[in-house]
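Read through the structure below, which is laid out as structure tokens, and then see the notes.
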Amino acid sequence: MTTRREFLGQAGMGLAAATLLPTARALGANDRIRIGLIGAGDRGMEDLKTALKQPNIECVAIADIYSRRRDMAKQVVPNATMYDDPMKLLESKDVDAVINATPLHLHTKYFVAALQAGKDLYSEKTMTWDIPGAVECRKAAAASKQVVQIGLQHESSGELKDALQWIKDGKVGKVCSVDAWMSRNTPIGKGQWVRPVPSDCDPDHVNWKLFLDGRKEPKFDGFKYINWRLFWEFSGGNVTENMVHQVAWIITALDLDLPKSASMMGGVFSEKDKRQVPDTMMVSLEYPDLLVNWQSTFSNSRYGLGEHFLGDKGTIQHVSGSTDMVTGRSQSSITYLPEKVNNPETTVLKGESKDTDHMANWFECIRDRKQPNASVDNGYKSAIAAHMANLAYRQKRRITLEEAMAAKMDAYL
Ligand SMILES: NC(=O)c1ccc[n+]([C@@H]2O[C@H](COP(=O)([O-])OP(=O)(O)OC[C@H]3O[C@@H](n4cnc5c(N)ncnc54)[C@H](O)[C@@H]3O)[C@@H](O)[C@H]2O)c1
């Protein structure tokens, strides 16, 4: 995680570049922050509603390429200016800060453009669709004085605070292995993430060219536009949808850099729909003296989501939505369990720290010009780990960091 000192260093570097950039309006504690939303789909609207719950926040602009989504957003923020093209929104002097909740393949474009336009930024995860994008975004952030929060909300969780404390207190010891998992289920015949295509989803109502952003699709495809998560051109599958959240907080808890290598096995096992991305997988990320394993399935939800940090002095067990094998109850908790062989302390501890509201943290940092909880550095490292897994899967082999960093766009398509 970028330290405050590093952040101030970046901000300092940004000052030279900032003379070339539009200056952000100085915002005091009581000033209203005027936000714009790019991508008013499911998550964008959730983010917007969360943002509007905070004091002194006004949404002044929305950009979405689908008229239906603009109409729906208008019902929530009737006074906001509606745009088709996000670049027009970014030109507006009335917008201080931007939420970017577009499909994955568009993250880099609007990330970089928002910073160049002098806007503070909340950019949904995964930070980017590919590794060159992650490099570009990190560079853009280092050359900017804007405040950037990545939509990796586990970075604001109470569980992370508890885990960091137990690790700092020496309770966990040396961790050689982290086992993580995430599982969901859907009704038989309905694949995970598949959404119906509305009747007005056609070229008259959707700016297909702006969606494609240079990708070569011969003609409008409403299924692909609505269900972009299923296709490599626009998505990284479940590794960029969910693994990234878990890997990001593992990176912070254990202060990890980039994996040395990655492998991933799996396939489309659950529903043979039109998807390209696998629905079942096993990922291994090799860090120095540490293996992080993550497995996922979409046809059984029994184990929910969780991580076990397996230390020689103790285990950190985090579960969320998992089903108790005996009682059948769902539970969310973080627990510390000592390893008696190296740790005479036998006390089991329950985490009690409270979550911080991730969106509120962004606004607070905009006012104080501080580093938010989910830094660009964390976004960069977690994105690269996720893309290494996908590259290994696509190439059917273990891939090294050096090979992944050199991979060109074709490797992701
Ligand atoms: N942090 C989280 O927990 C979390 C949860 C869900 C989704 N997400 C992320 O949020 C993002 C959006 O996911 P979603 O489920 O809302 O997708 P979605 O398809 O529902 O919404 C995307 C919206 O972007 C619009 N769009 C597409 N191209 C555009 C362009 N060029 N300019 C402006 N708008 C454009 C679409 O019309 C659509 O309204 C993804 O990156 C996803 O991974 C994060």
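Computed from the coordinates by the stated procedures, all read-outs in this text should not be read as laboratory data. Keep in mind that this is a model prediction, so the values were computed, not measured. Heads up, the Cβs are rebuilt from the backbone with ideal geometry, glycines too, and the neighbour counts pull from every protein chain shown.
Observations, loosely collected:
- Sorting TYR287, TYR122 by the number of Cβ atoms found within 10 Å of their own Cβ, with the fewest placed first, yields TYR287, TYR122.
- Averaging 1/r across all pairs of distinct Cα atoms in the chain and inverting the result yields a Kirkwood radius of 22.2 Å.
- Overall size of region 241-314 from C-alpha positions, given as principal axis extents largest first: 43, 27, 18 Å.
- In terms of its Cα atoms, region 188-305 spans 54, 35, 21 Å along the principal axes, sorted from long to short.
- Residue exposure sequence - VAL135, VAL319 - by fewest surrounding Cβ within 10 Å: VAL135, VAL319
- Dimensions of region 128-235 from C-alpha coordinates, computed as largest minus smallest value along each principal axis and given longest first, are 60, 47, 23 Å.
- Computed from Cα atoms alone, the Kirkwood hydrodynamic radius reported for region 245-386 is 17.9 Å.
- Alpha-carbon Rg/Rh ratio, for region 66-164, with Rh computed the Kirkwood way: 1.02
- Restricting attention to region 163-288, lysine pairs at least eight places apart or on different chains and with alpha-carbon atoms under 23 angstrom apart total 12.
- Net charge in the neighbourhood of GLU58 (other residues with Cβ under 9 Å of its Cβ; Lys, Arg +1, Asp, Glu -1) is +2.
- Once the Cβ-Cβ distance of ARG32 and VAL135 is raised to the sixth power relative to R0 = 30 Å, the FRET efficiency obtained is 0.30.
- Ordered by the count of other Cβ atoms within 10 Å of each Cβ, fewest first, LYS224, LYS174 give LYS174, LYS224.
- Rel. contact order, % - alpha carbon contacts under 8 angstrom, at least six apart, the chain: 20 percent
- Calculated FRET efficiency for the pair LYS272/GLN165, C-beta based, R₀ 51 Å, to 0.05: 0.65
- With a Cα cut-off of under 30 Å and a minimum spacing of 8 residues unless on different chains, the lysine pairs in region 332-413 number 9.
- Förster radius 45 Å - calculated FRET efficiency between GLU352 and ARG68, Cβ distance, rounded to 0.05: 0.55
- Radius of gyration over Kirkwood radius for region 175-229, both on Cα atoms: the Rg/Rh ratio is 1.20.
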